[in-house]
Each structure stands twice: as structure tokens, then as C-alpha cells.
Amino acid sequence: MRDRAATLPQVAEAAEVGRTTLHRYFPERDGLLRAATEHALETIGGAIAEADPGKGHPLDAMRRVVAALASASDAIMFVF
């Protein structure tokens, strides 16, 4: 789900789980947002690490990082 303002029922529907299941794991909306933000940051960090920016020519490294971040664009948009 890309919409930080989505209601918990909308999130449950997008995740294809029941509202009670979602509520069991995330009784408060803040907890869900924290977990989603942590997941997005891990995705972004993983994409950068996989691009291995310390390897090779800086221009090639930058291209790899940009391409990796493009693949993580949903996570980036969620965080911002």
C-alpha cells in the first residue's frame, strides 16, 4: 500500500488479511506506520548495499545506486 493515509480496513484489504488479523499484529495505527517505515528503510538500504557503491569507478557506482533506488521507488515514496 502506498497511501500513508489509508484506513486500517483499506490496509487489511490491500494486504488480503482480515481486519482482526491486522489489528492483532498492529493494535495501533502508529505501530503499523512504524513497521511499514522500518520495512521501507530496510528495502532502500538493501537496494543501496546491493548496488555496492564502493566498488569500481564512482560514475559506475552512482549509476548502480540510482538504478537500485529506482527499483525501490515505492519504498522511497512511502518514506517521504
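Per residue, how much accessible area does the chain have with a 1.4 Å probe, in Å²?
So the chain comes to 74 Å² accessible per residue, rounded to a whole number.
Quickly work out the Y25-to-K55 label distance, labels modelled 7 Å from Cα along the C-beta direction, and quote it in nm with one decimal.
Calculated label separation equals 3.2 nm.
What does the charge dipole of the chain about its Cα centre add up to, to the nearest 20 debye, if the Cβ of each Lys and Arg holds +1 and the Cβ of each Asp and Glu holds -1?
Computed about the Cα centre, the dipole is about 80 debye.
First compute the accessible area of the chain with a 1.4 Å probe, then give the percent of it belonging to carbon and sulfur atoms.
Its accessible area is 59 percent carbon and sulfur atoms.
Based on DSSP H runs of at least 4 residues, each adding -39500 (n - 2.57), what is the mean residue ellipticity at 222 nm of the chain after dividing by all its residues, to the nearest 500 deg cm²/dmol?
-23000 deg cm²/dmol
Pop out the ³J(HN,Hα) list for region 48-63 in order, Karplus 6.51 cos²θ - 1.76 cosθ + 1.60 with θ = phi - 60°, rounded to Hz; leave Gly and Pro as x.
After applying 6.51 cos²θ - 1.76 cosθ + 1.60, I find 5, 4, 5, 6, 6, x, x, 9, x, 5, x, 5, 5, 4, 4, 4 Hz.
With viscosity set to 0.890 mPa s at 25 °C, what whole-number translational diffusion coefficient in µm²/s follows for the chain from Stokes-Einstein and a Kirkwood radius over Cα pairs? Spell out each step's value before the answer.
Details: Rh = 14.1 Å.
Once the numbers are plugged in, D ends up at 174 µm²/s.
The values are calculated or read from the model by the stated rules, or taken from the named source; none is laboratory data. Values in this document were obtained by computation on a predicted structure and should not be read as measured data. Quick reminder, even Gly has a Cβ in these numbers, built from the backbone with ideal geometry, and neighbours come from all protein chains shown. These accessible areas exclude ligands, DNA and RNA; they are computed on the full protein's heavy atoms, side chains included. Shrake-Rupley method; radii C 1.70, N 1.55, O 1.52, S 1.80 Å.
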